[in-house]
Ligand code: ADP
Ligand code: ASP
Ligand code: MG
């Protein structure tokens, strides 16, 4: 069994979907491979659904107009793909649309949009796209079935970013597939709670759906089809010389994606890693290119670093004071109060003098985090053991990633030199003891230049 996944970028319009169908026919159906396919919502649809949900909540009556446009977009794609045989399909789209319209009307009336309702609304993106594609494949004599993954993937009720209950989910999936002998067309991104409420797995979560199915079914490979030639050494929108990597380890892929490489959603690596199933990133628009393999051990290439990724917008919170030196428990209270309030810490840096701790978080949480820390350390602040909590904004994080950094002396030096020579100031540095990743905080203003100079100095000469 091979699990394939095509993202929104591969299913943006009729031409692209036709291209995907050609790939399925040429590489899988004709070769009689045992496969199933996960599809995301059509490109831009999830963002649009969020916008429409918020407009209904804000009682902006033009939400209906936007809803109608979205409905029409799906109808047009369905008709474009099935010009002569679309009655059943249009009926299915209409049923989904009526359901969605009713929910939106409810949001408008009660002026309430919980994360639970939003997840329900977002699920329509994947339900529309997979309904249209499965019916189209069927009309073209490709034997397949629509599968709503929320029937099988069971999660907690952390709506918007639900965690998967793997023991139930794995059993559900393997039991279901024992009865199914034809390819399943699987909705990405969605699951459901024990009470059958729809949840979503986090933005970009269709990659994760593919990995969950792949691992549960002991697939021979999980193929993520997207719009680039694989994992590149940097985000191609920021570094024009970025080039595709032949292979990366699960850990490298996790680090690169955690620090901003959108090409694969970070949790995707975990189910695959546990079963040692390789993930291959392929380009829908260049299908003969080999892409990037994510595997257990690195191929024996000689790159010291694999890639550079970035989170463009972060804030740094600095807590400092003489009273922190040698006092146990300060860090745990600091991290604890943020964790308890759902604030994710992206990076931590502490000087060995223990005089200051510096945390990177998303800017939206800046003020809330400052307030929480000030409450937690109120007494220490009155006693002047801890100074005021400082937030620095307009910063970015760059992560330089590669397993071979462990064995190569001088990589950090080269990175800092590249930035120094170009007069780029570094605000904070963090390197884990695994030496898999060096993370640097710099001004947002310097981001593109910093990525390009590091890429030029550490990767340019090593093109494959
Ligand atoms: P999909 O719709 O297929 O899920 P995404 O838009 O989520 O696609 O991810 C693919 C995009 O990720 C690429 O178009 C590229 O712009 C971006 N990207 C960012 N960093 C990297 C990287 N290091 N390698 C490849 N792509 C990257
Ligand atoms: N459609 C969802 C999103 O836009 C999931 C995905 O694309 O992977 O986040
Ligand atoms: Mg994606």
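We did not get these values from a lab; they are worked out from the coordinates using the rules stated. Computed from a predicted structure; not experimentally measured. Cβ atoms come from the backbone with ideal geometry, glycine included; neighbour counts cover every protein chain shown.
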Margin query: How many angstrom lie between the Cα centre of segment 120-167 and the Cα centre of segment 393-440?
Written below: 40 Å
Check: Ordered by packing density, taken as the mean number of other Cβ atoms within 10 Å over each peptide's residues, highest first, how do 336-343, 165-172 rank?
Finding: 165-172, 336-343
Next item on the list: For the chain, find the longest principal axis of its Cα atoms and tell me its angle to the long axis of helix 166-178, 0 to 90°, nearest 10.
Entry: 20 degrees
Next item on the list: Classify segment 76-151 as rounded, prolate or oblate, taking a ≥ b ≥ c as the square roots of the eigenvalues of its Cα gyration tensor: rounded when a/c is under 1.5, otherwise prolate if a/b is larger than b/c and oblate if not.
Entry: prolate
Checklist line | Inter-centroid distance (Cα atoms) of segment 227-265 relative to segment 304-379, Å | finding: 27 Å
Notebook entry, point to check: So for the chain: antiparallel DSSP bridges make up what percent, rounded to the nearest 5?
Noted result: 60 percent
Notebook entry, point to check: Which whole-number percentage describes the relative contact order of segment 71-137, with Cα contacts under 8 Å and a sequence gap of 6 or more?
Noted result: 47 percent
Next item on the list: Could you list 429, 314 in order of exposure, starting from the residue whose Cβ has the fewest other Cβ atoms within 10 Å?
Entry: 429, 314
Note to self: I need the shape label for segment 14-62. Rule: rounded when a/c is under 1.5, else prolate if a/b > b/c, else oblate, with a, b, c from the alpha carbon gyration tensor.
What the structure shows: prolate
Checklist line | Paramagnetic reach from residue 227 (point 7 Å along Cα→Cβ, amide N under 15 Å) across segment 35-79 | finding: 40-48
Next item on the list: Treat each spin label as a single point 7 Å out from the Cα along the C-beta direction, and report the residue 111 to residue 195 distance in nm.
Entry: 2.5 nm
Item checked: residue 145-residue 390 pseudo-label distance in nm [points 7 Å out on the Cα-to-Cβ vector] -> 6.2 nm
Notebook entry, point to check: What does the helix-only formula give at 222 nm for the chain: each DSSP H stretch with n ≥ 4 adding -39500 (n - 2.57), the total divided by the residues, and the result rounded to the nearest 500 deg cm²/dmol?
Noted result: -12500 deg cm²/dmol
Margin query: Can you tell me the orientation of helix 411-421 relative to the chain, as the angle in degrees between its alpha-carbon axis and the longest Cα principal axis, to the nearest 10?
Written below: 80 degrees
Note to self: Using only Cα atoms and rounding to the nearest 10 degrees, what angle (0 to 90) does helix 14-24 make with the longest principal axis of the chain?
What the structure shows: 90 degrees
Note to self: Given an 8 Å cut-off on Cα distances and at least 6 residues of separation, report the relative contact order of the chain as a percent.
What the structure shows: 13 percent
Note to self: At a threshold of 8 angstrom on Cα-Cα distance, excluding pairs fewer than six apart, so keeping six or more, what relative contact order does segment 299-400 reach in percent?
What the structure shows: 47 percent
Next item on the list: Using a/c under 1.5 as the rounded threshold, could you call segment 59-218 rounded, prolate or oblate? The axes a ≥ b ≥ c are square roots of the C-alpha gyration tensor eigenvalues, and prolate needs a/b larger than b/c, oblate otherwise.
Entry: oblate
Note to self: Per 0.36 nm of contour for each residue apart, how much would the distance between residue 30 and residue 275 grow if the chain were fully extended, relative to their Cα-Cα spacing?
What the structure shows: 85.4 nm
Item checked: Two-site FRET efficiency, residue 72 against residue 203, from Cβ-Cβ distance with R₀ of 30 Å, rounded to 0.05 -> 0.75
Margin query: How long are the semi-axes of the equivalent ellipsoid of the chain, taking √(5λ) for every eigenvalue λ of the Cα gyration tensor, in whole Å from largest down?
Written below: 41, 29, 20
